[in-house]
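Participant: Just dropping this structure here.
Every number in this text was worked out from the coordinates using simple rules, so none of it is lab data. Keep in mind the model is a prediction, meaning the values are calculated, not measured. All Cβ positions, glycine included, derive from the backbone under ideal geometry; neighbour counts span all protein chains shown.
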Amino acid sequence: MKKLLTIFSLFTFVCVFAQSKAKIGMSLEEVKRIFPNAIESKYEKTITLVNADTIHGLADAWEYNFTDGKLSSMSFSKYVDVLSEANFKKCLKATKEIIEDYTKLYDKPDEETEGKQKFVDPYKEHHYGYDVLEAKWKNADNQKIKVEFTFFGGKGEYHFIVMINHFDKDYPYYE
């Protein structure tokens, strides 16, 4: 049984980080070979490939952005619009697992910030959202990486947002 769990854990780890095959600086053609089913779009001088993925139970897509034919950033953003304690816990659990996975790949984060990690229903106790959890790596395989879970709110509209962002290590805007 223990061997089966170990195999399952390794399989999950490999599947979760399928995007890690793509590296900042790769050409559009290289990334297309890795993700042949990705959908391509173009806006002005930026080309984006979108590839569906599920990470620790959160289904959405990775966006691979190319500037001058080179991969300049990649991101995964999951918005959850149904506010509930169960969905909050699901997002928090997934974010913690993603941070654990990245820690295995890139070592401890350079910064980790824990915000409020309990669900507060904004319709019962008014608020404008809050930061839940964030981890940053400043130079992980020549990339800046940020993983975050935010309870976003304003003007009566609320979402849980789990995001993963990869940028070149020299990217100047790293909030």
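Participant: How tilted is helix 2-16 with respect to the longest principal axis of the chain? Cα atoms for both, answer in degrees (0 to 90, nearest 10).
Facilitator: For helix 2-16, the angle is close to 70 degrees.
Participant: If you don't mind, there's one more thing I want to ask. Given labels modelled 7 Å from the Cα in the Cβ direction, how far is it in nm from HIS127 to LYS169?
Facilitator: Simple spin-label model gives 3.7 nm for this pair.
Participant: Rounded to the nearest 500, what is the 222 nm mean residue ellipticity of the chain from helices alone, with -39500 (n - 2.57) per DSSP H run of 4+ residues and division by all residues?
Facilitator: -8000 deg cm²/dmol
Participant: Taking segment 117-147, which chymotrypsin sites (Phe, Trp or Tyr not before Pro) meet the DSSP loop condition and have no more than 11 other C-beta atoms within 10 Å?
Facilitator: TYR123, TYR128
Participant: List the residues whose amide H sits under 5 Å from the amide H of MET26, counting only those 5 or more places along or on another chain, with H placed 1.01 Å from N in the peptide plane.
Facilitator: Those lying under 5 Å, H to H, from MET26 are LEU71.
Participant: I want the local charge near LEU133. Using Cβ-Cβ distances under 10 Å, sum +1 for each Lys or Arg and -1 for each Asp or Glu among the other residues.
Facilitator: -3
Participant: Based on the Kirkwood radius over alpha-carbon pairs, what value in µm²/s does the Stokes-Einstein equation return for the translational diffusion coefficient of segment 52-136 at 37 °C and 0.692 mPa s?
Facilitator: Answer, rounded: 220 µm²/s.
Participant: Now a separate question. Which whole-Hz ³J(HN,Hα) couplings does segment 73-78 yield from phi under the Karplus relation 6.51 cos²θ - 1.76 cosθ + 1.60, θ = phi - 60°, glycine and proline marked x?
Facilitator: 3J(HN,Hα) across segment 73-78, in whole Hz: 7, 9, 8, 10, 9, 10.
Participant: So what's segment 30-88 giving for Rg/Rh, alpha carbon basis, Kirkwood Rh from the mean inverse pair distance?
Facilitator: For segment 30-88, the value is 1.09.
Participant: For the chain, report the convex hull volume of the alpha-carbon atoms normalised per residue, in Å³, without decimals.
Facilitator: In the chain, the Cα hull volume divided by residue count equals 143 Å³.
Participant: If you put +1 on each Lys and Arg Cβ and -1 on each Asp and Glu Cβ, how big is the dipole of the chain around its Cα centre, in Debye rounded to 20?
Facilitator: 520 debye
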